[in-house]
Amino acid sequence: KNEVEQSPQNLTAQEGEFITINCSYSVGISALHWLQQHPGGGIVSLFMLSSGKKKHGRLIATINIQEKHSSLHITASHPRDSAVYICAVSHDYKLSFGAGTTVTVRA
Amino acid sequence: ETGVTQSPTHLIKTRGQQVTLRCSSQSGHNTVSWYQQALGQGPQFIFQYYREEENGRGNFPPRFSGLQFPNYSSELNVNALELDDSALYLCASSLGQSGSGNTIYFGEGSWLTVV
């Protein structure tokens, strides 16, 4: 079983809709990262969380350490939000990644 | 722009050959880690270097090796290439180890195709 599980695997939304991506993990962590990957391959770090909630523009990330669960929310989604969103956890000496959620936002 | 640069961006190799991928980390970052991402999957941890020493390794065979130089740039070497080595190879740098909750900066990756 993978240490990090994401859901859904794929998600299609209409522009303006609220989007939620979920991440569960099974190991003790020092931090959780939400990452964005565009088709070219490069990865951008959106958030790093160890507790609570963070907000940046239309993106909100929350984490519940006791339940080992995090969510990434996109409010008022836009076609430029289309990308793969990856959850990763820092533990031991490394990062472990989820398989990613492919988000497509239609105009 | 993360300040992490990788080269080459794309390359094609033949099975059995050797490849070297390079990474220049963000200025001041003493830790570099390498990941393999097969198509449609999340990245998998290969290994990490901290101050020129390997200090963590994932489930990859010894034909995957690396180096970190005094300026903290890094190389990933893969010997005896196999078809399954075809993937995007990502380098990431951080100040301190990636397992310690430090912000991590990724390069754009090197796409390797083995034929």
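The values are calculated or read from the model by the stated rules, or taken from the named source; none is laboratory data. Bear in mind the structure is a predicted one, so any value in this text is a computation, not a measurement. We place every Cβ from the backbone using ideal geometry, glycine too, and count neighbours over all the protein chains shown.
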Considering residues that are out of contact with any Asp or Glu (no Cβ under 9 Å at 6 or more places or on another chain), at pLDDT 95 or above and closer than 17 Å to A:G98 by Cα, the number found within the stretch A:5-31 is 9
Just name the residue that is nearest to A:F18 (Cα to Cα) out of those in the stretch A:68-91 that are in contact (Cβ under 8 Å) with a residue 40 or more places away in the chain and of a type in the set (D, E, K, R). A:D81
Can you find a residue that is in contact with a Cys (Cβ under 8 Å, 6 or more places away or on another chain), hydroxyl-bearing (S, T, Y), modelled with pLDDT of 95 or more and in a strand (DSSP E or B) anywhere in the stretch A:76-98? no
Looking at this structure, is A:V105 in contact (Cβ under 8 Å) with a residue 60 or more places away in the chain, surrounded by fewer than 16 Cβ atoms within 10 Å (Cβ to Cβ), out of contact with any Phe, Trp or Tyr (no Cβ under 8 Å at 6 or more places or on another chain) and hydrophobic (A, V, I, L, M, F, W, C)? no
Tell me, please, whether a residue that is acidic (D, E) and more than 12 Å from every other protein chain (Cβ to nearest Cβ) can be found in the stretch B:62-82. yes
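If you scan the stretch A:38-64, which residues turn out to be among the β-branched types (V, I, T) and modelled with pLDDT of 95 or more? Can you show your working first?
So in the stretch A:38-64, the residues among the β-branched types (V, I, T) come out as A:43-44, A:60, A:62-63.
Hits for the stretch A:38-64 are A:I60, A:T62, A:I63.
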Might you let me know whether the stretch B:91-113 holds any residue that is over 23 Å from A:H91 (Cα atoms), more than 8 Å from chain A (Cβ to nearest Cβ), part of a strand (DSSP E or B) and touching a helix residue (DSSP H, G or I) at 6+ places or on another chain (Cβ under 8 Å)? yes
Output the residues belonging to the stretch A:95-107 that are more than 9 Å from chain B (Cβ to nearest Cβ) and among the small types (G, A, S). A:A107
Looking at the stretch A:21-62 only, could you name the residues that are of a type in the set (S, T, Y), away from chain B (no Cβ under 14 Å) and either exposed (fewer than 14 other Cβ atoms within 10 Å of the Cβ) or out of contact with any strand residue (DSSP E or B) (no Cβ under 6 Å at 6 or more places or on another chain) (or both)? A:S26
So if I check each of B:L76, B:L83, which one is within 18 Å of B:S25 (Cα to Cα) and either in contact with a helix residue (DSSP H, G or I) (Cβ under 6 Å, 6 or more places away or on another chain) or aliphatic (A, V, I, L, M) (or both)? B:L76
Considering the stretch A:77-94, residues that are within 14 Å of chain B (Cβ to nearest Cβ) and out of contact with any helix residue (DSSP H, G or I) (no Cβ under 7 Å at 6 or more places or on another chain), and then whichever is surrounded by the most Cβ atoms within 10 Å (Cβ to Cβ), we arrive at A:A88
Residue tally, condition β-branched (V, I, T), in contact with an Asp or Glu (Cβ under 9 Å, 6 or more places away or on another chain) and closer than 28 Å to B:G56 by Cβ, over the stretch A:48-98: 1
Limited to the stretch A:8-47, what total is found for residues that are in a loop (DSSP other than H, G, I, E, B), of a type in the set (S, T, N, Q) and touching a Ser or Thr at 6+ places or on another chain (Cβ under 7 Å)? 2
If A:I65 satisfies all but one of (1) within 14 Å of chain B (Cβ to nearest Cβ); (2) of a type in the set (A, V, I, L, M); (3) in contact with a strand residue (DSSP E or B) (Cβ under 8 Å, 6 or more places away or on another chain), what's the number of the condition it fails? (3)
